[in-house]
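Here's the structure, in structure tokens; my notes come after.
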Amino acid sequence: MSNLLVNMKDQEFILLEQLKIFSLFETERFRQFSIDDVSIFLKEAEKMAVHSLLPTYKKGDEEGCLLRDGKVTVPKCFHSAFRAYIENGWLLANKPVEVGGLGMPQVLAKACMEICYAANFPLLMYTGLINGAGGIIEAFGTENQKRRFMCPMYEGKWGGTMCITEPWAGSEVGAIRTVAKKLPNGQFLVYGTKSFISCGDHDLVENIVHLVLARIEGDLIRLVGLIASSEGKRIVRGEKVGTIEGAEDLGRQLAQDLLAKGGAEILQEVYR
Ligand SMILES: Cc1cc2nc3c(=O)[nH]c(=O)nc-3n(C[C@H](O)[C@H](O)[C@H](O)COP(=O)(O)OP(=O)(O)OC[C@H]3O[C@@H](n4cnc5c(N)ncnc54)[C@H](O)[C@@H]3O)c2cc1C
């Protein structure tokens, strides 16, 4: 075992012997990868984890996040590690080359992430949410939304959140009460209470894009996914990115979809 974070011999065994990842490299999509790349990428991830992320873990815990004069700051040492992570391509390791990613198969990217998360989970929450929230816009947003929201997120300039949970709706997502009222101009007025929203405010980025799950006013069946855009981190406007039909048993359905597809794919129709 080369470090105390993750047993990398186990990782290589699982990827190569058990999952036979090389069969993916025979497909058109991952043709540019070879077996050698598996250990190369894992070693690079280890370098990032051990040299850039791990040293910020204890320091970051000691300093903590602060809310002062209405502004949230993360530990100072997080800033350089966050930038190094993005500059080395890890933010978009699992994303296609067309959107600026490294184009890795998810399974390899996840193995690399395992090492990084083990080094500093709190810091990786910020990048994980940019990757996930940006991924929803990538999958379901219009070209215009991708340009305005996804691109700055993928460049690491903007952050992202997933605003799903409410004080009375955790596992049972279908119990949410946040309402999206459609205005005559096609925009939505959103009101309600969300709780536990990770990375909702911080100073690692210039701006934060909030993906909000709400119930269309007067509609007990459908939920709507919205992008709440902001200026200087104050939410000013929301846009619809999709609806989920047949939400009678949404808690279970969502859980299944989340498990099967990683969260982003639950928004089914895409229009503004
Ligand atoms: C650190 C942290 C970060 C978070 N970040 C976000 C975020 O960014 N965005 C967001 O929207 N939410 C976020 N959450 C909220 C998280 O998604 C919820 O905590 C989660 O969905 C569980 O909901 P709950 O806490 O209300 O617990 P409950 O749903 O009340 O569950 C309590 C317990 O009951 C069990 N339980 C619930 N339903 C069933 C059932 N049907 N059968 C058997 N057992 C059941 C659960 O397993 C659990 O043990 C975060 C939570 C934490 C702790």
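The values are calculated or read from the model by the stated rules, or taken from the named source; none is laboratory data. Nothing here was measured: the structure is a model prediction, and the numbers come from that model. Every residue, glycine among them, receives a Cβ derived from its backbone with ideal geometry; neighbour counts consider all protein chains shown.
If the Cβ limit is 6 Å and pairs must be 6+ apart or interchain, which residue in the range 168-189 that is within 16 Å of the ligand (Cβ to nearest atom) pairs with which residue that is acidic (Asp, Glu)?
What qualifies is 176/166.
List pairs: first in the range 196-219 and more than 18 Å from residue 166 (Cβ to Cβ) and more than 9 Å from the ligand (Cβ to nearest atom), second part of a strand (DSSP E or B) and aromatic (Phe, Trp, Tyr), Cβ under 8 Å, 6+ apart or cross-chain?
The qualifying pairs are 205/158; 206/158; 207/158; 208/158; 209/158.
Restricting attention to the range 164-174, and to residues there that are modelled with pLDDT of 90 or more and among the aliphatic types (A, V, I, L, M), which single residue is nearest to residue 215 (Cα to Cα)?
Restricting to residues being modelled with pLDDT of 90 or more and among the aliphatic types (A, V, I, L, M), the top hit is 164.
Looking only at residues that are more than 23 Å from residue 44 (Cβ to Cβ) and within 14 Å of the ligand (Cβ to nearest atom) in the range 97-156, which one is modelled with the highest pLDDT?
So, considering only residues that are more than 23 Å from residue 44 (Cβ to Cβ) and within 14 Å of the ligand (Cβ to nearest atom), the one modelled with the highest pLDDT is 133.
Against the condition more than 17 Å from residue 15 (Cβ to Cβ) and touching a Leu at 6+ places or on another chain (Cβ under 8 Å), how does residue 92 come out, does it pass?
So residue 92 passes the test.
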